[in-house]
Amino acid sequence: MTKAFEVTQQVLDEVEECGALGMTMDQTAWSMGVNPSTLYKYKAQMGALNEAISRGRARGIRNMTGNLKDQADSGNTHATMFYLKNQSPTEWANDLQNVAKIQVNLSRISDSELLSELREDPALLKVVNPSE
């Protein structure tokens, strides 16, 4: 016979730590030796368990964001790009649709044809000449 599950401070601390590590509820339950349905049941009944999960997830995000920012500040180009794309996606996201449109064989198109294409497609013009 197995011991009944009881939500103690130790359980709350462990749930919070699992949340900080980015573990799912199922992974958290299994790591604690509990069936996930049991943890879900207590989560629905106890505000303290919900708060522990939320605190842990927030702490994990804060730590990883801090690590990412530290790497970006130290000159890691990939970290900088990732940070900017996530913090300001409208300004820093890659616009693959416009990039694909630019992949034209310019040696096969006359200057007047190119100008016509640019005038007909404002999005393409914006990519070619971002100041306008």
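The values are calculated or read from the model by the stated rules, or taken from the named source; none is laboratory data. Note that the coordinates shown come from a computational prediction; the quantities given were computed from them, not determined experimentally. Here Cβ is always computed from backbone atoms with ideal geometry, including for glycine, and neighbour counts include all displayed protein chains. Ligands, DNA and RNA are excluded from the accessible area calculation, which covers all protein heavy atoms including side chains. Shrake-Rupley method; radii C 1.70, N 1.55, O 1.52, S 1.80 Å.
Say whether the condition of being in a helix (DSSP H, G or I), within 28 Å of the chain's Cα centre (by Cα), β-branched (Val, Ile, Thr) and modelled with pLDDT under 75 is met by at least one residue in the range 99-106. Within the range 99-106, one or more residues are in a helix (DSSP H, G or I), within 28 Å of the chain's Cα centre (by Cα), β-branched (Val, Ile, Thr) and modelled with pLDDT under 75. May I ask you to verify whether residue 29 is of a type in the set (A, V, I, L, M) and modelled with pLDDT under 90? It is false that residue 29 is of a type in the set (A, V, I, L, M) and modelled with pLDDT under 90. Every test in (1) in a loop (DSSP other than H, G, I, E, B); (2) surrounded by 12 or more Cβ atoms within 10 Å (Cβ to Cβ); (3) of a type in the set (Gly, Ala, Ser) is passed by residue 75 save one, and that test is (2). If you go through the range 23-45 and keep only what is outside any helix (DSSP H, G or I) and open to solvent by less than 60 Å² (accessible area, probe 1.4 Å), you end up with 23, 32, 34.
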